Every structure is written in structure tokens, then in C-alpha cells.
Amino acid sequence: MTDGGAEHLRERLSRALPVAMKARDRMAVAALRSALAAIANAEAVDPSRASPPAARPPPTDPSPKPAGPGGDPPFAGTVAGVGATDMERRSLTGEQVEEVVRAEIAERETAAAGYEHTGQLEHAERLRGEAKVLMSYLQQR
């Protein structure tokens, strides 16, 4: 799946989330959820570059086929059902996962500077706190 560094950081973030939720640490919960979502998004495959899912083989049952929308028979070779259009996800290296988390930190620091510049110090402080939470997980080895 992924190399040890990626899994290690991702698992630390995942394990920290329920702890932060139980502690009602809103700042840590927001930072951890955002970082985990960013990692998941980075693993997503661009659908325009992915190969289409393989069509299921035709059933061997000679019973009548269910009608499609409007009573028409379904298209041959179509794929239906839960997970039918799921695509395999990319595997990230430890460095790539770390890069995603660093980008999350940089995004918060940039936004905090903008909020501070406009006098919205409470928002800036919250974002800097979230950046510190994420930085603490990068520094753990």
C-alpha cells in the first residue's frame, strides 16, 4: 500500500483524531480532519487519466433481464452496483504524505497572515494554532 513513513504519519494523525474529539479540542480536530482529508485527496486518481472500470462478464442465467430506465433493456457491458465505478487509489510515499501536511501548515500560516493584516486576530490565532498542531506531528519521528 504505502511505505512505512507515509503510513506512520497518517496513522499518528488518525489515532490522534478520536483523542482530540474526546478532549473536545476543536482546534486539533479541525487540523487533523483537514490534514487527513488532504492526504486522501492526494491519493485520488484523476478520473480523466484513469482507465474505465472493467465491464462485468454477462450473466449465464437465461432468465429475463430486468428492464432499464423507461422499460428498455440495460446496455450491454454496463457496470452497476455499489463500488462499480470505484478506482484504485494512488500510493503515497512518506515524503509525499509529509509534503501534503507541510502544504496544509503553509496554507494556514498564509491565511493567518492575511487575517492578521485585516485585523481579524482571532481567526489568525486559530489558524496558527492548527498549524502548530500539525507541525507537532511532523516533528514526531
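The values are calculated or read from the model by the stated rules, or taken from the named source; none is laboratory data. Computed from a predicted structure; not experimentally measured. We place every Cβ from the backbone using ideal geometry, glycine too, and count neighbours over all the protein chains shown. Remember, those area values only see protein heavy atoms, side chains included, never the ligands or the DNA or RNA. Shrake-Rupley method; radii C 1.70, N 1.55, O 1.52, S 1.80 Å.
Tabulated results
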item	result
Pairs, first within 20 Å of Leu32 (Cα to Cα) in region 115-141, second open to solvent by 80 Å² or more (accessible area, probe 1.4 Å), C-beta under 8 Å, six or more apart	Ala124/Glu116; Leu127/Glu109; Arg128/Glu109; Ala131/Glu109; Leu138/Arg102
Filter result (farther than 14 Å from Glu104 by Cα and in contact with a Phe, Trp or Tyr (Cβ under 8 Å, 6 or more places away or on another chain)) within region 123-132	His123, Ala124
Given (1) at pLDDT below 90; (2) under 20 Å from Val133 (Cβ atoms), number of the condition Ser14 does not satisfy	(1)
Number of positions in region 91-114 that are open to solvent by 60 Å² or more (accessible area, probe 1.4 Å) and under 15 Å from Ala35 (Cβ atoms)	5
Residue match in region 92-110 (condition: under 26 Å from the mean Cα position of the chain (by Cα), small (Gly, Ala, Ser) and modelled with pLDDT under 80)	no
Any chance Gly119 is open to solvent by less than 70 Å² (accessible area, probe 1.4 Å), at pLDDT 70 or above, assigned to a loop (DSSP other than H, G, I, E, B) and at positive phi	yes
